[in-house]
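Enquirer: The structure under discussion is supplied below as structure tokens; questions concerning it will follow.
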Amino acid sequence: MQHYDEPAFDNRQAHAEGWGIFDLCEVGRPDPYQLQRVDADECFASDDEAWRHVAARAAEGSAYHRAALDFLRDHSPGEYAAVAAHAAARESVA
């Protein structure tokens with residue numbers, strides 16, 4: 001069952017990992033989707049940690065995590081840019 005705030009992206013695996021891509025339900029918003037942690041699961045301390053998790057798995061070759069980033073790139077380019085920039089900044093520090 002898809003909740004009202006879930007996009008066409010299949011969040012089943014994401015939710016099992018403690019994150020998801022959510023529809024902000026705001027008409028006219030330029031970036032209607034956000035990658036966020038699932039607050040109730042407490043798998044990640046912040047959305048930033050969920051971003052790093054997805055970016056790291058995509059970089060390791062996970063097709064599912066790459067598809068999540070591709071979904072954001074195609075439907076919420078501002079959110080995609082924020083996730084990519086955050087992941088890049090973390091890599092340069094490490």
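Enquirer: When you go through (1) surrounded by 19 or more Cβ atoms within 10 Å (Cβ to Cβ); (2) in a loop (DSSP other than H, G, I, E, B) one by one for residue 14, which number turns out not to apply?
Expert: (2)
Enquirer: Residues of region 55-81 being of a type outside the set (Ser, Thr, Tyr) and surrounded by 17 or more Cβ atoms within 10 Å (Cβ to Cβ), which ones? Don't jump to the end; show me each part of the working.
Expert: Of region 55-81, the ones of a type outside the set (Ser, Thr, Tyr) are 55-61, 63, 65-75, 77-79, 81.
55, 57, 58, 65, 68, 69, 71, 72, 75, 79, listed by residue number.
Enquirer: For region 34-48: of the residues being farther than 12 Å from residue 83 by Cβ and in contact (Cβ under 8 Å) with a residue 12 or more places away in the chain, which is surrounded by the most Cβ atoms within 10 Å (Cβ to Cβ)?
Expert: For region 34-48, the residue satisfying everything is 37.
Read-outs throughout are calculated quantities, based only on the coordinates presented, and are distinct from any laboratory measurement. It should be emphasised that the depicted structure is a prediction, and the values quoted were computed from it without experimental measurement. Backbone-built Cβ (ideal geometry, glycine too); neighbour counts: all protein chains shown.
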